[in-house]
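Below you'll find the structure, written out as structure tokens, and then a few comments.
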């Protein structure tokens, strides 16, 4: 009986994530206030028709669809189940993906990114790789920039809790 439940759970998860993921991200985006810092150079580069490699840390991908302001982007996603889910969620925002990572299928991933760059797509990659170390860029993003001639635009997202200020009470 548990094997049947596991199969059902897996199918349900694969069905729900592409639907629920974009809804949750949209809800979060619309429920927050944003301050974009140092976006001027990024925006002017895109407005002039320039293409980019958008570099985002693995742990800071959540609102990437709202940070990107270009015309079309292809993301490198790992071949893991998490990469599959993320690929499906981002497709709900029009983000294309190619599969591969430093540990599995890297050649196919790089070929897919090069093909996307040739077709005029911007690229996005998590430079810290699927296995880390966390927040330490690996050489792959540099090699991709050298090969394509595209500039790397590092970008991140962070948030903080709202502070509730109650008159007369100090902390």
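Every read-out reported here was derived from the displayed coordinates using simple, explicitly stated rules and does not represent laboratory data. These numbers were taken from a predicted model, which means no experiment stands behind them. Cβ atoms come from the backbone with ideal geometry, glycine included; neighbour counts cover every protein chain shown.
For the stretch 29-149, the relative contact order works out to 29 percent when only alpha carbon pairs closer than 8 Å and six or more residues apart are counted.
Mean projection of the Cα convex hull over all viewing directions, computed for the stretch 9-71: 5.9 nm². Site pair residue 4 and residue 31 shows an inter-label distance of 3.7 nm when each label is modelled 7 Å from Cα along Cα→Cβ.
Dividing the C-alpha radius of gyration of the stretch 29-103 by 2.2 N^0.38 Å, with N its residue count, gives 1.19. Is the shape of the stretch 49-151 rounded, prolate or oblate, going by the alpha carbon gyration tensor and its root eigenvalues a ≥ b ≥ c, with a/c under 1.5 for rounded and a/b larger than b/c for prolate? Judged from the Cα gyration tensor, the stretch 49-151 comes out rounded (a/c under 1.5).
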